[in-house]
1. Just add up the charged neighbours of SER174: K/R +1, D/E -1, any other residue whose Cβ is under 13 Å from the Cβ of SER174.
2. For the chain, modelled as a Gaussian network with Cα springs under 10 Å, which listed residue fluctuates most, ASP28, ASP128, ASP68?
3. Neighbouring Cβ atoms within 10 Å as the yardstick, rank LEU9, LEU134 fewest first.
4. Could you tell me which trypsin sites (Lys or Arg not before Pro) in the range 47-146 are loop residues by DSSP with no more than 13 other beta carbons within 10 angstrom of their beta carbon?
5. Could you compute the net charge surrounding GLY72? Neighbours are other residues with a C-beta less than 9 Å from the C-beta of GLY72; K and R count +1, D and E count -1.
6. Given 0.36 nm per residue, what is the gain on full extension from VAL40 to SER152 after removing their alpha carbon distance, in nm?
7. Run the simple label-point estimate for ALA175 and SER224 please: 7 Å along Cα→C-beta, distance reported in nm.
8. Within the range 1-109, which chymotrypsin sites (Phe, Trp or Tyr not before Pro) sit in a loop by DSSP and count at most 11 neighbouring Cβ atoms inside 10 Å?
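The numbers here are math on the coordinates, done by the rules we state, and not lab data. Model, not experiment: these values are computed from the prediction. Backbone-built Cβ (ideal geometry, glycine too); neighbour counts: all protein chains shown.
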Amino acid sequence: MDRLGDLDLRAHLSDPSRKQAFVTPMFDLVAPRYDEFTRVFSFGMDARWKGALIADATSGLKVNVAVDVACGTGDLALRVARAADSAHVTGVDPAAEMLARATVRARVAGLDSRVTFSSGHADDLPFDSGSVDLVTAGYCFRNTPSVESALSESARVLRPGGRLAVLDFYRPASAAWRELFLAYLRLAGNAVGWWWHREPVAYGYIAPSIRSFVTRDAFTALLSRHGFRDIAVRSYLGGGVATHVATRR
């Protein structure tokens, strides 16, 4: 496999046919320290964002079947299982190293009877149409080859009245704040990527991936276009991070 730093990052992020070829090996590389990275890089805010997301997503909703898309090490999947004690949660991710760590976390937490993990992609979920009560997606749609295809697939598997709960980075609408925000992410990401993995792009990719993604409000419009209503948004860091909880029409 080529070193990540030898790949043309801009070309891979802008070309849907090549994007996954960068994203999956990158997540395999960072898997051993991914949880530590999200905690340190966000100054502890990631846990609060996820806690608020799952509280909003499960409030008043009967959850029997849940899917965590691009589940990584299983953080959101485990949170859903704890919040909805009748739920069976399936985490789906293309990165084998992430799935291995998620499986261990579920076993250590004593939740492996209700939380399972399998290989898969956000735009091709192995579930019947209308069979899922809740889909969660943490830092997912920004990393998919096509956000439109991934949203369509989430809408397909959700039952009417089911919910989609999303946490992600977004391109800030303010040009001045956008440049400051992305400059920090680029410099800090490159530094940590080199320090931990000798691959600056492992985390340095975050800034260019945000620049090529949509704004918080544009994502809200995409949700509406793909059959979602009652879209509740929590915004953080000047629109650089947001959660969306939306109901399937």
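1. Details: positive: ARG171, ARG178, ARG216; negative: GLU179, ASP217.
After counting each charged neighbour, the total is +1.
2. Maximum fluctuation in the GNM of the chain, among the listed residues, is at ASP128.
3. Working: LEU9 16, LEU134 27.
Least crowded to most crowded, the residues run LEU9, LEU134.
4. Working: sites: ARG48, LYS50, LYS62, ARG79, ARG82, ARG101, ARG105, ARG107, ARG114, ARG142; in loops: LYS62, ARG114.
Taking the range 47-146 and a limit of 13 other Cβ atoms within 10 Å, the loop trypsin sites (Lys or Arg not before Pro) found are LYS62.
5. Details: positive: ARG101; negative: ASP35, ASP68, ASP75, ASP93.
Cβ neighbours under 9 Å give a net charge of -3.
6. Working: separation 112, 0.36 × 112 = 40.32 nm, distance 3.30 nm.
Full extension from VAL40 to SER152 adds 37.0 nm.
7. That separation, rounded to one decimal, is 2.6 nm.
8. Working: sites: PHE22, PHE27, TYR34, PHE37, PHE41, PHE43, TRP49; in loops: PHE43.
Within the range 1-109, the qualifying chymotrypsin sites (Phe, Trp or Tyr not before Pro) (loop, at most 11 other Cβ atoms within 10 Å) are PHE43.
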